[in-house]
Amino acid sequence: MKIVTTIADVRATVKAWRQAGETVGFVPTMGFLHEGHASLISRAVAENDHVVVSTFVNPTQFGPTEDLDAYPRDEARDAALCESIGADIMFRPDPAEMYDNPKVSVVVKDMNEHLCGLSRPIHFHGVCTVVTKLFNIVTPDTAYFGEKDAQQLAIIRKMVADLNMPLKIVGCPIVREADGLAKSSRNTYLSPAEREAALCLSRSIFYGRDHIAVGMAAKELETAMEDIIVKEPLAKIEYVKVVDALTMDDVTIIDRPVLVAMAVYIGKTRLIDNFSFDPNVSKQ
């Protein structure tokens, strides 16, 4: 496996693969890889001739008071994991390699104004712009994203469709710790007491998943899930919402495919979790 830091080197290698008629899978990440990322890379390796993993901590998706400088990084561990699974390239550019006096950004309107977009107004602008750039650099046949970032996944799917990008987007299931906590690079911020407290998110998610029903009022489910979280003194709810799975708009009755998503602060650490539900599938 090669660690590559320049756009030109990625393009040269992918060009050679293309000339040989080989397929390219791509896993965009911000590094500090864990088992959730490993599941994406493993699927990409299984479904493609070659795989590129980016580990770029993208500054444009962090707000001025967010954790860009503190975001965990471990290039050696990332490289070891990528190589052990079978990735061909780990692309880790510097910000200066990716941005040179930028004047263009990519925005998916409306969908970015719900859920995480309310408290992080520039986040999805930065995500869509860097993902577009990475797609243009790597030119993958297929790109793999985790369903834990469900709003991001929905926005990227819409972006790819609207801009007629010639690639397939694959969402991969959430990977959880043995006790249910969703894998996240930010879990490393948690103290032992906070780590235990963070289980209120998965308890709420599992409750919602077990009790959601066709025709249920969305507010009823939201309230029941919130009641589980507020019992934890270290938890502060940012949102627990039931939204349309495609548009991210609020719903009143759960009568269509929905995303049930939450963002909760445990101490100073912001964590997200979710599940999806399609009443049409549940009837079959």
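The values are calculated or read from the model by the stated rules, or taken from the named source; none is laboratory data. This is a predicted model, so every value here is computed, not measured. Don't worry about glycine lacking a Cβ; one is built from the backbone with ideal geometry, like all the others, and counts go over all protein chains shown.
Examine the range 238-254 for a residue that is basic (K, R) and either part of a strand (DSSP E or B) or touching a residue at least 60 places away in the same chain (Cβ under 8 Å) (or both), and state whether such a residue exists. There is at least one residue in the range 238-254 that is basic (K, R) and either part of a strand (DSSP E or B) or touching a residue at least 60 places away in the same chain (Cβ under 8 Å) (or both).
Scanning the range 154-198 for residues that are hydrophobic (A, V, I, L, M, F, W, C), part of a helix (DSSP H, G or I) and crowded, with 16+ Cβ neighbours inside 10 Å yields A154, I155, I156, M159, V160, A197. Residues in the range 241-284 that are more than 14 Å from V214 (Cα to Cα) and of a type in the set (S, T, Y): T247, Y265, T269. Taken over the range 44-59, residues that are crowded, with 18+ Cβ neighbours inside 10 Å and outside any loop (DSSP other than H, G, I, E, B) amount to 8.
Scanning the range 200-219 for residues that are surrounded by fewer than 16 Cβ atoms within 10 Å (Cβ to Cβ) and either touching a Leu at 6+ places or on another chain (Cβ under 8 Å) or outside any helix (DSSP H, G or I) (or both) turns up H211, A213, V214, G215, A217.
Close Cβ contacts (under 7 Å, 6 or more residues apart or on different chains) running from residues in the range 88-109 that are in contact (Cβ under 8 Å) with a residue 12 or more places away in the chain and outside the structural domain of T247 (by TED's automatic domain parsing) to residues that are of a type in the set (S, T, Y) and not in a loop (DSSP other than H, G, I, E, B) comprise I89/T13; M90/T55; F91/S54; R92/T55; S105/T129; V106/T129; V106/T132. For the range 67-87, taking the residues that are free of Cβ contacts under 8 Å to residues at least 40 places away in the same chain and under 22 Å from A38 (Cβ atoms), the one that is surrounded by the most Cβ atoms within 10 Å (Cβ to Cβ) is identified as A80. Residues in the range 120-130 include at least one that is in contact (Cβ under 8 Å) with a residue 24 or more places away in the chain, assigned by TED's automatic domain parsing to the domain that holds R18 and more than 28 Å from V10 (Cβ to Cβ).
One residue stands out in the range 1-43 among those that are without any contact (Cβ under 8 Å) to a residue 40 or more places away in the chain and part of a helix (DSSP H, G or I): the one that is surrounded by the most Cβ atoms within 10 Å (Cβ to Cβ), namely W17. In this structure, does N274 turn out to be part of a helix (DSSP H, G or I) and either in contact (Cβ under 8 Å) with a residue 12 or more places away in the chain or assigned by TED's automatic domain parsing to the domain that holds R120 (or both)? Judged against the criteria, N274 is not a match. Residues that are closer than 23 Å to F62 by Cα, at pLDDT 95 or above and touching a Lys or Arg at 6+ places or on another chain (Cβ under 8 Å) number at least 1 in the following helices (runs of 4 or more DSSP H) confined to the range 75-119: 75-85, 95-98.
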